[in-house]
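Quick notes on the structure that follows.
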Amino acid sequence: MMIRKKGIMANLGTGVIYGIVILLGLICLLPMLNILAISFSGSDAAAANIVGFVPVKFTTAAYEKIMEDRQFWRSFGISVFRVGAGLVINLVLIVLMAYPLSKTKREFKGRSVYMGLLIFAMLFSGGMIPTYLVVKNLHLLNTVWALVLPGAVPIFSVIMVMNFFMGVPKSLEEAAVIDGATPLQVLTRVYIPCSKPVIATIALFSIVGNWNDFFGGLIYMTKVRNYPLQTYIQTLSVKLEDMLNSGGSLSSLINAMEVSSQNLNAAKIVVSVVPLLMIYPLLQRYLITGIVVGSVKE
């Protein structure tokens, strides 16, 4: 009888956990479905706030508005290059900095000084204006490197990788040294292969951070043609008054009236999220392990 009662309680607890997980999943999913439905709905339905989870008066006018001009694709290419370059620079510099910092004070006598500088820099950053002045004086304005280099070494990611390296068995390194491996060979052939979870985690952080950032484009770019995608889509809007004042054609006015600000904003969100939804499933299996192990120091 007691065993049966415990079994019922266990099943009840499992049911409650599943119910909570499903509820949290719906809380995250339903707003996205609503945004997707709005992006494919007619302008009058979106403006009247009558769109639920199914498009009303289905239309692709919002996406046509976003994708019809060449600047959209130019900005898309800039963002793709920014993500790729930022990812490579982040991974190389983070790993090269984390490896020596994972050594003991006996092996790396200046470790405490460097760690103190890193923690200080993480807690007290230079700020927006000094960073802008540095970028300007280096003549990087209106270049993609102004978007990549200021965030080349995220200190939080360095600490995560450092702590993960500390958890790698020392016996592996000792065996490699006995076989004649150099420090660089130990890093590339022992530590990095053992650290796939944390490397995948910081790679995901780098991709998401570089892709989603739009403020850097506003600060460092003075020409619209150099905007990354997230900055550019923030500038898209339906300007009927400007079209009327400039003598726009009847067909262009009709096309503009097919899209409301609600449609356009919803389409912006969908377009900006799709690439991340494609990348995240490839890295998510490493995410939890990388965060848990890399954030705890032994």
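The values are calculated or read from the model by the stated rules, or taken from the named source; none is laboratory data. Computed from a prediction, not measured in an experiment: that's the story for all the values here. As a convention, Cβ positions derive from the backbone with ideal geometry for all residues, glycine included, and neighbour counts pool all protein chains shown.
Restrict the check to the stretch 173-182 and report whether at least one residue is under 18 Å from the mean Cα position of the chain (by Cα) and either part of a helix (DSSP H, G or I) or surrounded by fewer than 20 Cβ atoms within 10 Å (Cβ to Cβ) (or both).
no
Only one of these is more than 25 Å from Tyr191 (Cβ to Cβ), at pLDDT 90 or above and under 25 Å from the mean Cα position of the chain (by Cα): Leu91, Leu96, Leu147, Leu123. Name it.
Result of the check over Leu91, Leu96, Leu147, Leu123: Leu147.
Here are Thr188, Thr143: which of them is surrounded by 13 or more Cβ atoms within 10 Å (Cβ to Cβ) and under 28 Å from Leu218 (Cα atoms)?
Exactly one of Thr188, Thr143 is surrounded by 13 or more Cβ atoms within 10 Å (Cβ to Cβ) and under 28 Å from Leu218 (Cα atoms), namely Thr143.
Could you check Ala45 against (1) assigned to a helix (DSSP H, G or I); (2) over 28 Å from the mean Cα position of the chain (by Cα); (3) farther than 25 Å from Val274 by Cα and say which number it fails?
Result: Ala45 fails condition (3) only.
Can you tell me how many residues within the stretch 215-241 are within 19 Å of Ser39 (Cβ to Cβ) and either in a helix (DSSP H, G or I) or at pLDDT 85 or above (or both)?
Total satisfying the criteria: 6.
List pairs: first in the stretch 212-240 and farther than 21 Å from Leu87 by Cβ and among the β-branched types (Val, Ile, Thr), second part of a loop (DSSP other than H, G, I, E, B) and at pLDDT below 90, Cβ under 6 Å, 6+ apart or cross-chain?
Going by the 6 Å Cβ cut-off, the qualifying pairs are Val238/Val259.
Go through (1) in contact with a Lys or Arg (Cβ under 9 Å, 6 or more places away or on another chain); (2) farther than 15 Å from Ser261 by Cβ and name the single condition Pro31 misses.
Unmet for Pro31, out of (1) in contact with a Lys or Arg (Cβ under 9 Å, 6 or more places away or on another chain); (2) farther than 15 Å from Ser261 by Cβ: (1).
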